[in-house]
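J.: There's a structure below that I have some questions on.
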Amino acid sequence: MKALVAIKRVIDYNVKVRVKADHSGVDLSNTKMSINPFCEIAVEEAVRLKEAGVVDEVIVASIGPKEAQEQIRAALALGADRGILVQTEDKAYPLQVAKILKGIAEQEGADIILLGKIAIDDDNNQTGQMLAALMGVGQGTFASKVEVVEGKANVTREVDGGLETIALPLPAIITTDLRLNEPRYAKLPNIMKAKKKPLDEKTPADFGVTMTSKQDVIKVTPPPERSAGIKVASVDELIDKLKNEAHVI
Ligand code: AMP
């Protein structure tokens, strides 16, 4: 059985995001980039499925600039077997990404396709769902537990009212939630080994996809600065401020 994991190169979650002076986008110069945290959880889950003997091979794929090789190598150091970089300098929107992932999944004959529930740069939460629709297969989104039994993926999902468990025939799309697992740290020998693992380079055209989008970014602005909070000395002072300054009670 093969697992395909989609990983996105994003600004590291610890970095304070800077907006470009001309408001055309986010400034990525000299900025630490990492695997999107939810994609890291997806890699960890695929590697655990391999360690459990459920999956024979874990393939990671990323659509992005040449530098996304760094994130693919990082995933290989976590235990994935090989990587595919679909190189493009164009912005990768969810629909284009889903179309390319469909091409890879079909070419590879992937049984389990794991994605993050959301990429923390654009906050779309769309790619997994679009991929399931394009491939015409089932989807288990926001997974907090995955078990593969008798050719089916039993996915426990975090929904508004609690937890829901669904059974998906394979191939299936699974998107990861925060509580699915805690990703391991890569050990130094594995980082060295990862340098020798295969990494194929492709282009969107190899999958018949053009990166033109029906979406345009018009302007990017940082959120308004929040004024600092204060400490009140007593409940009476708090009530007074809520009543007479904030006018909320
Ligand atoms: P999004 O729909 O943009 O919030 O992304 C959800 C998930 O789709 C991510 O966690 C990745 O697993 C996958 N994904 C999105 N963009 C890319 C990309 N450029 N390359 C690889 N995977 C991606």
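J.: Does residue 200 fit the bill of being open to solvent by 60 Å² or more (accessible area, probe 1.4 Å), under 26 Å from residue 86 (Cβ atoms) and not hydrophobic (A, V, I, L, M, F, W, C)?
T.: yes
J.: Are any residues in the range 136-156 open to solvent by 40 Å² or more (accessible area, probe 1.4 Å) and at pLDDT 95 or above, and if so, which ones?
T.: Listed by number, the residues that qualify are 136, 139, 142, 145, 147, 152, 154.
J.: Checking the structure you have, find out if any residue of the range 203-222 is open to solvent by 100 Å² or more (accessible area, probe 1.4 Å), of a type in the set (Asp, Glu) and closer than 25 Å to residue 117 by Cα.
T.: Yes: one or more hits.
J.: Something else about it: Going through the range 1-39 one residue at a time, which ones are within 13 Å of the ligand (Cβ to nearest atom) and either farther than 22 Å from residue 86 by Cβ or open to solvent by 60 Å² or more (accessible area, probe 1.4 Å) (or both)?
T.: 13
J.: Let me ask you something else. Pull out all pairs, ordered by first then second residue, where Cβ-Cβ is under 6 Å, the residues are six or more apart or on different chains, the first lies in the range 171-195 and is closer than 29 Å to residue 126 by Cβ, and the second is open to solvent by less than 80 Å² (accessible area, probe 1.4 Å) and modelled with pLDDT under 95.
T.: 177/158
J.: Sticking with this structure for a sec: Need pairs with beta-carbon distance below 9 Å; first residue over 18 Å from residue 124 (Cα atoms) and within the range 89-108, second open to solvent by 80 Å² or more (accessible area, probe 1.4 Å) and not basic (Lys, Arg); sequence gap 6+ or separate chains.
T.: Close Cβ pairs satisfying both conditions: 103/206.
J.: Could you identify the single residue in 87, 96, 129, 107 that is open to solvent by 40 Å² or more (accessible area, probe 1.4 Å), within 15 Å of the ligand (Cβ to nearest atom), under 16 Å from residue 62 (Cα atoms) and not charged (D, E, K, R)?
T.: Result: 87 is the single residue among 87, 96, 129, 107 that is open to solvent by 40 Å² or more (accessible area, probe 1.4 Å), within 15 Å of the ligand (Cβ to nearest atom), under 16 Å from residue 62 (Cα atoms) and not charged (D, E, K, R).
J.: Which of the residues that make up the range 26-40 are in contact (Cβ under 8 Å) with a residue 60 or more places away in the chain and farther than 16 Å from residue 61 by Cβ?
T.: 26, 37
J.: Now for a separate question. Of these, 164, 237, which one is part of a strand (DSSP E or B), of a type outside the set (S, T, N, Q) and open to solvent by 40 Å² or more (accessible area, probe 1.4 Å)?
T.: So the residue among 164, 237 that is part of a strand (DSSP E or B), of a type outside the set (S, T, N, Q) and open to solvent by 40 Å² or more (accessible area, probe 1.4 Å) is 164.
The values are calculated or read from the model by the stated rules, or taken from the named source; none is laboratory data. All values derive from a computational prediction rather than experimental measurement. With ideal geometry, Cβ positions are generated from the backbone for all residues, glycine too; neighbour counts draw on all protein chains shown. SASA here: full protein model, heavy atoms, side chains in, ligands and nucleic acids out. Shrake-Rupley method; radii C 1.70, N 1.55, O 1.52, S 1.80 Å.
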